Amino acid sequence: MSKKVALVTGVGPGTGSSIARRFSDGGYKVAMIARDKKRLKSLENELEDSKGYSCELRNQEYLNSTVDNIIKDFGYPDVFIHNAVRGTRGNFLEFTSEELQSNFDINVLALHRIAQKVAPEMIKKNKGAIIVTGNTSAHRGKANFGGTASTKAAQKILTESFARYLNPKGIHVAYITIDAAIDLEWTRKAWPDKPDDFFIQPDDIASEVWHIAHQSKSAWTFDHWLRPFGENW
């Protein structure tokens, strides 16, 4: 039996890399999209049957070509995980229309473009999964996060529309809200006085992504929240 294929966007040093490792450990071929060629090469060397594709998701032509190459190299993905994210800080008087469009291009349009390419094959097979990782901004528009929240909220609604269309066709779609600071070098610097259990671990996020992608059809999750046990909510 040939291995299943997982396509992961946003393969950064934290969550994206952990997701790639988890699906590789689970026996998948893993296609990884990011901009950092060095990181992708390192993961290729680490993970059997994996390949990295350096791509600027905001460039439609480049993105389409990259997904076509993935399909040529691996076949159509059985699981598509959109983990890529772009955000800006500042109130609406401070961020530019160009920055807002850039956020929308990665958070929403790239998700839509890739799903349009991979979902038809999932429909033919009557199986598959599309998982989108989000954050708390998808659910509220705080004063200094409008440029991020508006696009993450649009992303969540788009994903919900995927689910309502694809669920009856056998494809599981889920939105995972990460209500936490992910344990990364920059977040540790941002909150130097916080204890270890303040941060959510990338490997634990990846384990939940794996779990959601493999749920029984009799009990599918769409809106899934993750937060450390001590997080206020």
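Restricting ALA163, ALA174 to residues that are of a type in the set (Gly, Ala, Ser), closer than 22 Å to VAL5 by Cβ and within 14 Å of the chain's Cα centre (by Cα) narrows the list to ALA174. GLU48 meets the conditions (1) touching a residue at least 40 places away in the same chain (Cβ under 8 Å); (2) out of contact with any strand residue (DSSP E or B) (no Cβ under 6 Å at 6 or more places or on another chain) in every case but one. The failed one is (1). Exactly one residue among ALA163, ALA219 is of a type in the set (A, V, I, L, M), assigned to a loop (DSSP other than H, G, I, E, B) and free of Cβ contacts under 8 Å to residues at least 60 places away in the same chain, and that residue is ALA219.
For the stretch 31-45, which residues satisfy the criterion of being within 12 Å of ALA20 (Cβ to Cβ) and either of a type outside the set (S, T, N, Q) or in contact with a strand residue (DSSP E or B) (Cβ under 6 Å, 6 or more places away or on another chain) (or both)? If the condition is that a residue be within 12 Å of ALA20 (Cβ to Cβ) and either of a type outside the set (S, T, N, Q) or in contact with a strand residue (DSSP E or B) (Cβ under 6 Å, 6 or more places away or on another chain) (or both), then ALA31, MET32, ILE33, ALA34, ARG39, LEU40, LEU43, GLU44 are the ones that fit. Just to be sure, is LYS142 in contact with a strand residue (DSSP E or B) (Cβ under 6 Å, 6 or more places away or on another chain), charged (D, E, K, R) and either surrounded by fewer than 19 Cβ atoms within 10 Å (Cβ to Cβ) or within 28 Å of PHE229 (Cβ to Cβ) (or both)? Taking the combined requirement at face value, the residue does not satisfy it. Looking at ILE176, ILE200, ILE171, ILE212, just one residue is under 30 Å from LYS124 (Cα atoms), surrounded by 11 or more Cβ atoms within 10 Å (Cβ to Cβ), among the aliphatic types (A, V, I, L, M) and in contact with a Leu (Cβ under 7 Å, 6 or more places away or on another chain), and that residue is ILE176. Of the candidates ILE106, ILE123, ILE157, the single residue that is surrounded by 18 or more Cβ atoms within 10 Å (Cβ to Cβ) and of a type in the set (Val, Ile, Thr) is ILE106.
Of the helices (runs of 4 or more DSSP H) lying entirely inside the stretch 1-95, the ones with 3 or more residues being closer than 15 Å to ALA110 by Cα are found at 60-74.
Evaluated against (1) within 28 Å of PHE199 (Cβ to Cβ); (2) among the aliphatic types (A, V, I, L, M); (3) surrounded by fewer than 21 Cβ atoms within 10 Å (Cβ to Cβ), ILE71 falls short on exactly one condition, (1). Just one of the listed residues (SER65, SER2) is polar (S, T, N, Q), modelled with pLDDT under 95 and either farther than 25 Å from LEU184 by Cβ or out of contact with any strand residue (DSSP E or B) (no Cβ under 7 Å at 6 or more places or on another chain) (or both), namely SER2.
The values are calculated or read from the model by the stated rules, or taken from the named source; none is laboratory data. All values derive from a computational prediction rather than experimental measurement. Neighbour counts are summed over all protein chains in view; Cβ atoms, including those assigned to glycine, are modelled from backbone coordinates with ideal geometry.
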